[in-house]
Amino acid sequence: MSDIVQMITEMKGKQVDMEINRGRKKIEKYVGVIETVYPSVFTVNINSPENKGKQSYSFNDVLCGDVKIREFDKI
């Protein structure tokens, strides 16, 4: 878990590509910027045309694989 927190903290302020598994074969993909990192959650400002605004996710979502995140430059 500490590896995930460190990885996301290093991505703070950078543009990231996200893939969110919402269940029942519903997967959302968008590009955003990690704004803030708290002890148990992090917030993402979404830049996609179809989805705008902020979303928050827990580090546990990343650990379980419901949220996949990677730097936009490394795709």
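The values are calculated or read from the model by the stated rules, or taken from the named source; none is laboratory data. Just so you know, these numbers come straight off a predicted model, no measurement behind them. Positions of Cβ are backbone-derived with ideal geometry, glycine not excepted, and every protein chain shown enters the neighbour counts. The accessibility values were calculated without ligands, DNA or RNA, using every heavy atom of the protein model including side chains. Shrake-Rupley method; radii C 1.70, N 1.55, O 1.52, S 1.80 Å.
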Do we have any residue at all in segment 16-23 that's more than 17 Å from Leu63 (Cα to Cα) and not β-branched (Val, Ile, Thr)? no
Taking the residues in segment 31-66 that are of a type in the set (Ser, Thr, Tyr) and modelled with pLDDT of 90 or more as candidates, determine which candidate is most open to solvent (accessible area, probe 1.4 Å). Tyr38
Considering only the chain, give the strands (runs of 3 or more DSSP E) lying wholly within it that have at least 3 residues that are charged (D, E, K, R). 15-23, 26-37, 67-71
Does any residue in segment 25-36 that is hydrophobic (A, V, I, L, M, F, W, C) come within less than 7 Å, Cβ to Cβ, of a residue that is open to solvent by 100 Å² or more (accessible area, probe 1.4 Å) six or more places away or on a different chain, and which pairs are these? Ile34/Lys12
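Is it the case, given these coordinates, that Asn21 is open to solvent by 40 Å² or more (accessible area, probe 1.4 Å), free of Cβ contacts under 8 Å to residues at least 24 places away in the same chain and of a type outside the set (Gly, Ala, Ser)? Break it down into steps so the answer makes sense when it comes.
Numbers: open to solvent by 40 Å² or more (accessible area, probe 1.4 Å): yes; free of Cβ contacts under 8 Å to residues at least 24 places away in the same chain: no; of a type outside the set (Gly, Ala, Ser): yes.
Criteria not met by Asn21.
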